[in-house]
Amino acid sequence: MKLLNITAKIHVYTIDECNESKKKLIERAKLATHMAYAPYSGFCVGAAVLLENGEIISGNNQENAAYPSGLCAERVTVFNANSQFSQTGIEAIAIAAFHDGDYTNEPCYPCGSCRQTLLEVENRFGKSLKVIMYGESAIYEVDSIKDLLPLSFGKESLKE
Ligand code: THU
């Protein structure tokens, strides 16, 4: 039997180390948390995507009394961006969360379903998607969603 060891490269930094464009994207994700509709969990997530044309689109989680009918911030944001700019790739997504009167200390990580959606974006446009996970104490960033979703199921899997 063999053992496969999977590693991921994660950049760890603080807001003071960001250039202006990254700061702006993170700010938009943080701002979007305040327009979330999260009466059931009280966990307000915001996301902002930077398109190849420089446009920034933001969104947030939208909950529902019938819980599974709600949707996460990342998917609301990406679907909105792709529906308005169907031919424009996405360079980066920033994610932030506001809970109990503060932004979370820990970086906000995308859930499994959102990771799968972000993988589709990366494959669709043939371009690595940076994922920036904001936390008050640290920001985590990966160069590609594949770093957060190893052994993923994508369009190539359907051919094999
Ligand atoms: N949530 C997101 O918006 N993004 C994630 O990646 C994780 C979870 C939302 C869903 C739900 O409205 C709330 O956070 C609590 O799970």
Problem set entry | Identity of the residue in the range 73-111, open to solvent by 30 Å² or more (accessible area, probe 1.4 Å) and of a type in the set (Asp, Glu), that ends up farthest from Gly54 (Cα to Cα) | Asp100
Seminar exercise, completed: The condition of being over 13 Å from the mean Cα position of the chain (by Cα), within 17 Å of Leu149 (Cα to Cα) and at pLDDT 95 or above holds, among Asn82, Asn123, only for Asn123
Exercise. For the range 12-42, what are the residues that are away from the ligand (no atom under 16 Å from the Cβ) and basic (Lys, Arg)?
Worked result: Lys22, Lys23, Lys24
Exercise. Could you say which residue among Gly89, Gly154 is in contact with a Leu (Cβ under 8 Å, 6 or more places away or on another chain) and modelled with pLDDT under 95?
Worked result: Gly154
Seminar exercise, completed: Residue hits (the range 24-34; over 20 Å from Ile145 (Cβ atoms) and surrounded by 14 or more Cβ atoms within 10 Å (Cβ to Cβ)) are Lys24, Glu27, Lys30, Leu31, Thr33
Problem set entry | Candidates Asn80, Asn123, Asn105, filtered to the one that is more than 11 Å from the ligand (Cβ to nearest atom), assigned to a helix (DSSP H, G or I) and either touching a residue at least 24 places away in the same chain (Cβ under 8 Å) or within 15 Å of Ser152 (Cβ to Cβ) (or both) | Asn123
Problem set entry | Output for the range 112-142, where each listed residue is within 24 Å of Lys23 (Cβ to Cβ) and open to solvent by 50 Å² or more (accessible area, probe 1.4 Å) | Lys127, Ser128, Lys130, Glu136, Ser137, Tyr140
For this session: Filter the range 49-70 down to the residues that are within 16 Å of the chain's Cα centre (by Cα), surrounded by fewer than 19 Cβ atoms within 10 Å (Cβ to Cβ) and more than 20 Å from Gly126 (Cβ to Cβ), then identify the one that is farthest from the ligand (Cβ to nearest atom).
Result: Ile56
Problem set entry | Residue within the range 31-48 that is in a helix (DSSP H, G or I), under 15 Å from the mean Cα position of the chain (by Cα) and in contact (Cβ under 8 Å) with a residue 40 or more places away in the chain present | yes
Problem set entry | Test set (1) over 23 Å from Leu148 (Cα atoms); (2) away from the ligand (no atom under 16 Å from the Cβ); (3) open to solvent by 100 Å² or more (accessible area, probe 1.4 Å) - Leu4 fails condition number | (1)
Exercise. So is Val142 within 19 Å of Ile26 (Cβ to Cβ), out of contact with any Ser or Thr (no Cβ under 8 Å at 6 or more places or on another chain) and in contact (Cβ under 8 Å) with a residue 24 or more places away in the chain or not?
Worked result: yes
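The values are calculated or read from the model by the stated rules, or taken from the named source; none is laboratory data. If you're wondering where the values come from, they're calculated on a predicted model, not measured in any experiment. Cβ sites come from the backbone with ideal geometry, for glycine too, and all protein chains shown count toward neighbours. In case anyone asks, the SASA skips ligands and DNA or RNA and just uses the protein heavy atoms, side chains included. Shrake-Rupley method; radii C 1.70, N 1.55, O 1.52, S 1.80 Å.
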